[in-house]
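What follows is one structure encoded as structure tokens, with my remarks underneath.
The values are calculated or read from the model by the stated rules, or taken from the named source; none is laboratory data. On a predicted model such as this, the values are computed, not experimentally measured, just so you know. For neighbour counting, all protein chains shown are included, and Cβ atoms are generated from backbone atoms with ideal geometry for every residue, glycine included.
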Amino acid sequence: MNIEPIKLPLDWPDIDCPRKRIQKKIPVIGYIIGIFFTSKWVTLDNMVIEKLESRTITFEELWKEYPELLDTAKNVQNILKEHLWDFYPNFAPEDSYLLLGQLYTGDLCEVEAIMALEEYFKIKFPNEESFFDKSMLELIKYINKP
């Protein structure tokens with residue numbers, strides 16, 4: 001199966017967008033100022049949504065090379081749908097979690113999704129932000145490890 005994975009385009013800057021940096025440095029007012037820097041990130045989110053919605057292949061077909069991980073992947077899919085998406089995201093193993101699990105919503109949905117994953121799978125993710133710069137396959141393998 002040859003499907004284009006969802007990854008951060010090479011010509012985009014680090015996902016730690018200016019909005020987040022401004023909000024950290026200037027409490028309260030930084031949030032208002034940061035809103036002006038979000039248009040590029042909203043565009044990125046729209047690109048991700050468009051790619052996900054355009055996939056005609058089923059979730060099971062996307063994960064057929066990893067049958068031992070399919071149940072875990074489905075549970076992750078359900079949690080992401082509940083906390084971040086209005087539909088079930090048909091993510092492929094090679095898709096970036098950073099883009100699928102860190103969707104810009106302007107609230108704490110991303111954090112709630114991480115907490116829901118930790119609670120459901122009874123695990124604790126490392127606190128480093130770089131941990132989530134992984135593919136969905138790497139994240140699901142981490143969740144599945146004994």
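Couple of notes before you dig in:
- Looking only at the range 64-84, residues that are surrounded by fewer than 17 Cβ atoms within 10 Å (Cβ to Cβ) and either aliphatic (A, V, I, L, M) or out of contact with any Pro (no Cβ under 7 Å at 6 or more places or on another chain) (or both) come to 10 in all.
- Of all residue pairs spaced 6 or more apart or on separate chains, those with beta-carbon atoms under 8 Å, a first member in the range 107-129 that is buried (at least 16 other Cβ atoms within 10 Å of the Cβ) and a second member that is among the β-branched types (Val, Ile, Thr) and outside any helix (DSSP H, G or I) are Leu117/Ile123.
- Members of the range 50-104 found to be small (Gly, Ala, Ser) and over 14 Å from Met136 (Cα atoms), listed by number: Ser54
- Residues within the range 31-63 that are acidic (Asp, Glu), modelled with pLDDT under 90 and surrounded by 12 or more Cβ atoms within 10 Å (Cβ to Cβ), tallied: 1
- Top-ranked residue of the range 93-146 - restricted to ones that are in a helix (DSSP H, G or I), aliphatic (A, V, I, L, M) and farther than 17 Å from Asp71 by Cα, ranked as modelled with the highest pLDDT: Met115
- Of the residues Asn90, Asn75, the single one that is part of a loop (DSSP other than H, G, I, E, B) and either under 10 Å from the mean Cα position of the chain (by Cα) or closer than 23 Å to Glu53 by Cβ (or both) is Asn90.
- Against the list (1) touching a residue at least 60 places away in the same chain (Cβ under 8 Å); (2) more than 21 Å from Lys7 (Cα to Cα), the condition Tyr66 fails is (2).
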